[in-house]
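Below is one structure, written out as structure tokens; the observations come after it.
Just so it is clear, none of the values below were taken in a lab; they were calculated from the coordinates. None of the values given here were measured: they were computed from a predicted structure. Positions of Cβ are backbone-derived with ideal geometry, glycine not excepted, and every protein chain shown enters the neighbour counts.
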Amino acid sequence: MSQVSDVSKKTFNSSLNLKRQNTTQTGEGPPSGEICEKPFIQKGDLNVHYRSHTKEMAYSCEVCGKTFTSKSSFVTYEKIHRNERNYVCEICNKAFILKHHLDVHHLIHTQEKPHVCVICNKAFSQKITLTDHYRVHTKERPYSCDVCDKAFSRKSILTLHYRIHTKERPHSCEVCGKAYSQKSNLNRHYLMHTKEKPHSCEVCGKAYSRKSNLNRHYLTHTKEKLHSCEVCGKAYSRKSNLNRHYLTHTKVVLCVSLMRRVAKRSPRRRI
């Protein structure tokens, strides 16, 4: 009987654990997973990896019950509950739970964008943002809604989309209580209370609370008319004006409008 077999007479909880013991006792290079053959230098890393196959969750959060396969992920998650932010930006004093998040944040101040798209040369500060950007070129949409099957290129967009179905509005105004599904919409709403208009015209100085309104205002200076009628070619600076113009070509809409005017003028018959 081989030396490995003699050592392996120990009691194990499962046949998978027996395989794990045999792997580390042969002495033939780094241990690897028998299921997917992925190699590891340290046995601890292999043990954590095995849990991805067995779905074993060795660590559980006492606060919310969320479970984890590795101790490092568990310790990091505990800091979220404790709101432990030990990594502070020396420029703006913003604090972070993970050092990696601080390192990424530093790129905002340095304006460094090391990740460049090989197709259009657009640069990004984070690699994950570049990965999302590539889907603009590939048209890939890996995240799909299990309610309506609509697909998205980014998981964050899918998360926001789900709120259409769940009617969830987690961002509420502290002034009037109005709630929104997206934080950006709440921030825009706050400008109604503060009367703040951060977007000002460089030509005439007129200010707006929304950047979209400022962009529309710029058209009054440039005389640019981006919206043109497909029927007669007449152009307008605003899409709303173009839609109103289309009514002159749409006979059905004009007929309905005429009927409404006639109905208002005609006296009602009393029964």
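Given 178/211; 167/206; 38/99, which pairs have Cα atoms separated by over 30 Å? Could you put the intermediate results ahead of the total?
Working: 178/211 22 Å; 167/206 37 Å; 38/99 28 Å.
Exceeds cut-off: 167/206.
Sorted largest first, the spans of the alpha carbon positions of the range 67-195 along the three principal axes are 42, 39, 39 Å. Electrostatic bookkeeping for residue 234 treats Lys and Arg as +1 and Asp and Glu as -1; over the other residues with beta carbon under 15 Å from its beta carbon, the sum is +3. When the convex hull of its Cα atoms is viewed from all sides, the range 138-239 shows a mean projected area of 10.4 nm².
Using the Cβ of residue 86 as centre and a radius below 11 Å, the other residues enclosed give a net charge of +3, where K and R count +1 and D and E count -1.
The gain in end-to-end length when the residue 89 to residue 215 segment is fully stretched comes to 42.0 nm, 0.36 nm per residue minus the alpha carbon separation. Based on the Stokes-Einstein relation at 10 °C and a viscosity of 1.306 mPa s, and on the Kirkwood radius from alpha carbon pairs, the range 201-250 is assigned a translational diffusion coefficient of 133 µm²/s. Below 12 angstrom from the Cβ of residue 206, what's the summed charge of the other residues (Lys, Arg +1; Asp, Glu -1)? Cβ neighbours under 12 Å give a net charge of +1. Taking 7 Å steps out from each Cα toward its Cβ at residue 240 and residue 136 produces label points 2.9 nm apart. In terms of distances greater than 27 angstrom between alpha carbons, the cross-link table entries 94/183; 195/225; 94/197 yield 195/225. Less than 5 angstrom separates the built amide H of residue 179 from those of 173, all sequence-distant by 5 or more or on a different chain.
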